[in-house]
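Accompanying notes for the structure given below.
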Amino acid sequence: MGETSKRFSYCRFVVLPVVLVLIVAGAIFFIKNKVHPSPIPAIPSLSPTAGAPPTAPTLENGTYGAALTTSLLFLQIQKAGKLVNNPIPWRGDSALNDGKEAKLDLSKGLYDAGDHMKFGFPMAFTATVLSWTILEYREQLIGLGRFNFALDSLRWITDYLANAHSADNVLCIQVGDPTVDHLCWDRPETMSEARPLLFINKTNPGSDVAGETAAALAAASLVFKSTDPTYSSSLLKHAKQLFDFADKYTGIYSDTFPALALYYKSTDYHDELLWAAAWLYHATGDLTYLQYTVDNAQKFKGYGDLTYFSWDDKRAGTQVLLSRVNLLSSDSLPNDINKVLGNYRITAEGVMCVLVPVKSMILSYSGGLVWIQEWNSLQHTLGASFLATLYSHYMDATQKTQIACNATRITANDLRKFAASQADYILGSNPVKMSYLIGYGSVYPQKIHHRGASIPADQNPSCTDKTWLASPDPNPNVAIGALAGGPGFDDTYKDDRLNAVQGEPTTTSSALFTGLLSGLASNITAIRNLTEIQ
């Protein structure tokens, strides 16, 4: 983060001003989104006719596989702790003492963005998305020689998250003081600012972050189940305990700690409880967890609303994940469970109907990009495109030929075309002919808002030395794989290190982009029942 910038708008969702009424299987759903207070003005126009809908994939300057191999490197760049087999020459060991004041080893984990904070909420989401990607697209990652990179990045996070869960009802959710950290512009290897710990517990709850951490560890337990069963069992034990903690001692973590609302403000925790239960069902096969998503579906607003998928709102992700169960395993489940899972699926398909612009024409486009908000404008685009790609493969694998969207029909190929059009825009098929993925293509941002990339490895500036922040020169270290925040609604991008709104990369966006690219590079015709992974 920059000297004075705050993560106000990472937490901000701009409500679509046009309400789409979808009649799907006799049910009517309305688009609703979480809205956070923000100093950034509302978007002037998000009319259905703004801009042009995406065109067919072009990807003139490379392949999705090449982009995927590039994207995975950013998670390596963000690693804290004692680095092993480090592929990034300008990165070194850092944060080795994190957690020592509480006799915990919290040296690992990932820095969340261009700063040196370890925020547990987005870090856990990064792990959940990365696990989902590995589980669905393992063969593609192996074929591209990037499976071990993905696995290593995931384990670097899960080691940290497991250590952060120091007791049944205790979880460290943050390392570092964001107010202090964001006043600094130094290298992680030489930072000297204080790095205090923040915990949730019975009296200071955070069901959202505990629930997301449970989801992450449950999903990761599936990833490691066949290769390291002991580690997998340990992660699953943590996941179960964290879910029970989140469900019993309820509260929003940024209400418990109001100062954190400036950074990653959470708007609810019920979505994380459903999300965690869905992943625990997949990890265990225990119908108790699936029943939880059924019993609490209406109470927690698990279906019915069409929403964005992001580190804050997991509803659309849960709907797609439970659609997987409904499509693949309905014959083996009780009728009452299937009925509610069907409602989750109907809502998931409502989301898909909104995403295909040639059918719905509800979303707003810049020069081809679905555009929702100003800060980190790619994040919601990536979430939607990742889910569209997953759902298209679920349709193919279960021979579901189409989705009914009012009087029209969309196919799995329609969903992939939409997702590909968004990936193509990000990779250079856009009005400014620039790739937003650093290191991919011939033109990409040179001054992203990232401390480690902006300071030469042989320099040791103090916390308050802003020489490299203010430098007009390109970053001396190329943060290969970083994804810039994204363009404005007019498709413009200002390549300036002080421009954190457009230029700060995040691990959450990188995880989603890695998942999207993995799906686009894959040709999946059959999917496994994750509860049967051996």
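What do you reckon, is residue 396 of a type in the set (Asp, Glu), touching a helix residue (DSSP H, G or I) at 6+ places or on another chain (Cβ under 7 Å) and over 29 Å from residue 494 (Cα atoms)? Spell out how you get there, then give the answer.
Details: of a type in the set (Asp, Glu): yes; touching a helix residue (DSSP H, G or I) at 6+ places or on another chain (Cβ under 7 Å): yes; over 29 Å from residue 494 (Cα atoms): yes.
Criteria met by residue 396.
The residue pairs whose first member lies in the range 244-267 and is closer than 20 Å to residue 178 by Cα, whose second member is basic (Lys, Arg), and whose beta carbons are closer than 6 Å, counting only pairs six or more residues apart or on different chains, are 254/265; 262/6; 263/7; 267/34.
Would you confirm whether any residue within the range 447-460 is in contact with a Ser or Thr (Cβ under 7 Å, 6 or more places away or on another chain), part of a loop (DSSP other than H, G, I, E, B) and open to solvent by 10 Å² or more (accessible area, probe 1.4 Å)? Yes - at least one qualifying residue is present in the range 447-460. For beta carbons closer than 8 Å, sequence separation of 6+ or different chains, a first residue in the range 114-134 that is among the β-branched types (Val, Ile, Thr) and a second that is at pLDDT below 95 and open to solvent by 10 Å² or more (accessible area, probe 1.4 Å), the qualifying pairs are 134/147. Which of (1) under 17 Å from residue 453 (Cα atoms); (2) surrounded by 24 or more Cβ atoms within 10 Å (Cβ to Cβ) is the odd one out, the single condition residue 87 does not satisfy? Unmet for residue 87, out of (1) under 17 Å from residue 453 (Cα atoms); (2) surrounded by 24 or more Cβ atoms within 10 Å (Cβ to Cβ): (2).
For the structure I just gave you, tell me whether residue 477 is farther than 21 Å from residue 368 by Cα, in a loop (DSSP other than H, G, I, E, B) and modelled with pLDDT of 95 or more.
Working: farther than 21 Å from residue 368 by Cα: yes; in a loop (DSSP other than H, G, I, E, B): yes; modelled with pLDDT of 95 or more: yes.
So residue 477 passes the test.
For the range 480-497, the set of residues classified as assigned to a loop (DSSP other than H, G, I, E, B) and surrounded by 24 or more Cβ atoms within 10 Å (Cβ to Cβ) consists of 481, 482, 484, 485, 486, 487, 497, listed by residue number. When residues in the range 138-152 are screened for being modelled with pLDDT under 95 and either assigned to a helix (DSSP H, G or I) or at positive phi (or both), 10 of them pass.
Looking only at the range 417-435, decide whether some residue is within 30 Å of residue 331 (Cβ to Cβ), buried (at least 22 other Cβ atoms within 10 Å of the Cβ) and touching a residue at least 60 places away in the same chain (Cβ under 8 Å). It would help to see each step written out before you state the result.
First pass over the range 417-435, keeping only residues within 30 Å of residue 331 (Cβ to Cβ): 419.
Within this subset, residues satisfying the condition of being buried (at least 22 other Cβ atoms within 10 Å of the Cβ) are 419.
Then drop every residue that is not touching a residue at least 60 places away in the same chain (Cβ under 8 Å), which leaves 419.
Within the range 417-435 (the criterion being within 30 Å of residue 331 (Cβ to Cβ), buried (at least 22 other Cβ atoms within 10 Å of the Cβ) and touching a residue at least 60 places away in the same chain (Cβ under 8 Å)), the answer is yes, since at least one residue qualifies.
So that you can scan it fast, the table gives a plain yes or no per residue for (1) part of a loop (DSSP other than H, G, I, E, B); (2) out of contact with any helix residue (DSSP H, G or I) (no Cβ under 8 Å at 6 or more places or on another chain):
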residue	(1), (2)
281	no, no
310	yes, no
313	yes, no
321	no, no
339	no, yes
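In the set (1) of a type outside the set (Val, Ile, Thr); (2) open to solvent by 10 Å² or more (accessible area, probe 1.4 Å); (3) under 21 Å from residue 124 (Cβ atoms), residue 339 fails one condition alone, (3).
Considering only residues that are assigned to a loop (DSSP other than H, G, I, E, B) and modelled with pLDDT under 95, which ones fall in the range 216-262? Talk me through it step by step, then tell me what you get.
Start the filter on the range 216-262 by keeping residues that are assigned to a loop (DSSP other than H, G, I, E, B), which leaves 224-228, 249-252, 257.
Residues satisfying the conditions are 226, 227.
Against the list (1) open to solvent by 10 Å² or more (accessible area, probe 1.4 Å); (2) more than 22 Å from residue 310 (Cα to Cα), the condition residue 136 fails is (2). Please go through the range 295-324 and give me each residue that is at pLDDT 95 or above, surrounded by 23 or more Cβ atoms within 10 Å (Cβ to Cβ) and aliphatic (A, V, I, L, M), ordered by number. Scanning the range 295-324 gives 316, 320, 321, 322.
Residue pairs whose Cβ atoms lie under 6 Å apart, separated by 6 or more positions or on different chains, with the first residue in the range 95-107 and free of Cβ contacts under 8 Å to residues at least 60 places away in the same chain and the second acidic (Asp, Glu) and assigned to a loop (DSSP other than H, G, I, E, B), are 107/98.
Considering only residues in the range 498-515 that are part of a helix (DSSP H, G or I) and hydrophobic (A, V, I, L, M, F, W, C), the one that is most open to solvent (accessible area, probe 1.4 Å) turns out to be 501. Looking across the range 168-215, not a single residue is farther than 25 Å from residue 271 by Cβ, assigned to a strand (DSSP E or B) and open to solvent by 40 Å² or more (accessible area, probe 1.4 Å). Looking only at the range 370-404, residues that are outside any helix (DSSP H, G or I), open to solvent by less than 10 Å² (accessible area, probe 1.4 Å) and at pLDDT 90 or above come to 3 in all. Applying the criterion of being crowded, with 24+ Cβ neighbours inside 10 Å and of a type outside the set (Asp, Glu) to the residues of the range 270-281, the residue that is farthest from residue 354 (Cα to Cα) is 280.
Among residues of the range 205-227 that are among the aromatic types (Phe, Trp, Tyr), those with a Cβ under 8 angstrom from a residue that is at pLDDT 95 or above and surrounded by 24 or more Cβ atoms within 10 Å (Cβ to Cβ), sequence gap 6+ or separate chain, pair up as 224/235.
The values are calculated or read from the model by the stated rules, or taken from the named source; none is laboratory data. What you see is a predicted model, and the numbers here were worked out from it, not measured in a lab. Here Cβ is always computed from backbone atoms with ideal geometry, including for glycine, and neighbour counts include all displayed protein chains. Surface areas here come from the heavy atoms of the whole protein model, side chains and all, with no ligands, DNA or RNA. Shrake-Rupley method; radii C 1.70, N 1.55, O 1.52, S 1.80 Å.
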